[in-house]
Amino acid sequence: MYIVETQQELRSKINEYKQQQLTIGLVPTMGALHEGHLTLIKKCLSENDITVVSIFVNPTQFNNAEDLIKYPRNLAKDAQLLEQVGVDIVFAPSTEEMYDAEELNSRFAFDFNGLDTVMEGAMRPGHFNGVVQIVSRLFHLVTPNKAYFGEKDFQQLAIIRHMTYHSSMSSTFDNLTIVGCPIVRETSGLALSSRNERLSEQQKNIATNIYKTLNLSKDWANTCSVKEVEQKVIHTINSIEGLDVEYYCIVDKDSLQATNTFHNAIGCITVYCGDVRLIDNIQY
């Protein structure tokens, strides 16, 4: 396994593989790897000749400086794990390697076709600009045949698909397939996340109520309207000490806009457990 820190070295390795007509899969991550990441990586390994995993805590997608500082980082542990499963390249650049000063201090411009006006986009202005900025750069560098993303970040996945298939960038990535992979959960139901490392055991137990409530909402959907289900989910979770709902929105899976039907709908939630921001979703 190669640990690559520069764009030049990455391009050189990718060119070698392309000359051998090998297929390349990419799994973009911010490190602090867990079983959810490994599920993506193992799927990538099974479907491609070469697997590239990027580890880069991208500063341009954090609109909260404290959240960026607190984000868990352990490259040595991550690299050991990736070598064990058979990854070919770990791309772990510095911030200076990926961005110049102007790029760091100005917002990346992109037409999201309205996908960024709700939920995470509304709560974290500029977040998805940073996501598209780094993911498009990784796509240009790696030129993968397939790229793998988790469905836990459903809005992010929708935006990356828009960038790849429908935006002005689509012709650049016309040979790329975006693969969405189901949420991986702990036995308790808590969605796996790097942020879970910041939760105490007591908080983890409390946070299991998020998924329990989302599951209950599927039963409520049999007799309640969309708005009533949204309100019941928010009220139920907020009634649990230690949890605070930032938003719960039931939206159309394609447009991410509000819907009044459960057909083709997904419920997306963000909850604070202490000062740790957790996201999850459930499909109706």
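The values are calculated or read from the model by the stated rules, or taken from the named source; none is laboratory data. On a predicted model such as this, the values are computed, not experimentally measured, just so you know. Don't worry about glycine lacking a Cβ; one is built from the backbone with ideal geometry, like all the others, and counts go over all protein chains shown.
Data for the structure
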{"item": "Selected residue (only one of PRO93, PRO28 is part of a strand (DSSP E or B), at pLDDT 95 or above and surrounded by 13 or more Cβ atoms within 10 Å (Cβ to Cβ))", "result": "PRO28"}
{"item": "Residue in the stretch 194-232 that is surrounded by the fewest Cβ atoms within 10 Å (Cβ to Cβ), counting only those that are β-branched (Val, Ile, Thr) and either within 25 Å of the chain's Cα centre (by Cα) or closer than 30 Å to LEU38 by Cα (or both)", "result": "THR208"}
{"item": "Sole residue being of a type in the set (Val, Ile, Thr), closer than 26 Å to GLY126 by Cα and in the same structural domain as ASP88 (by TED's automatic domain parsing), chosen from ILE14, ILE55", "result": "ILE55"}
{"item": "Residue match in the stretch 249-271 (condition: among the aromatic types (Phe, Trp, Tyr), outside any helix (DSSP H, G or I) and touching a strand residue (DSSP E or B) at 6+ places or on another chain (Cβ under 7 Å))", "result": "no"}
{"item": "Within the stretch 158-174, tally of residues that are in a loop (DSSP other than H, G, I, E, B) and either among the hydrophobic types (A, V, I, L, M, F, W, C) or within 15 Å of the chain's Cα centre (by Cα) (or both)", "result": "2"}
{"item": "Scope the stretch 33-63; condition touching a residue at least 60 places away in the same chain (Cβ under 8 Å) and out of contact with any helix residue (DSSP H, G or I) (no Cβ under 9 Å at 6 or more places or on another chain); matching residues", "result": "GLU35, THR39, LEU40, LYS43, CYS44, GLU47, ASN48"}
{"item": "Selected residue [in the same structural domain as ASP174 (by TED's automatic domain parsing), touching a helix residue (DSSP H, G or I) at 6+ places or on another chain (Cβ under 7 Å), in a helix (DSSP H, G or I) and modelled with pLDDT of 95 or more] from PHE128, PHE139", "result": "PHE128"}
{"item": "Hits in the stretch 108-130 (condition: surrounded by 18 or more Cβ atoms within 10 Å (Cβ to Cβ) and touching an Asp or Glu at 6+ places or on another chain (Cβ under 9 Å))", "result": "PHE110, GLU120, HIS127, PHE128, ASN129"}
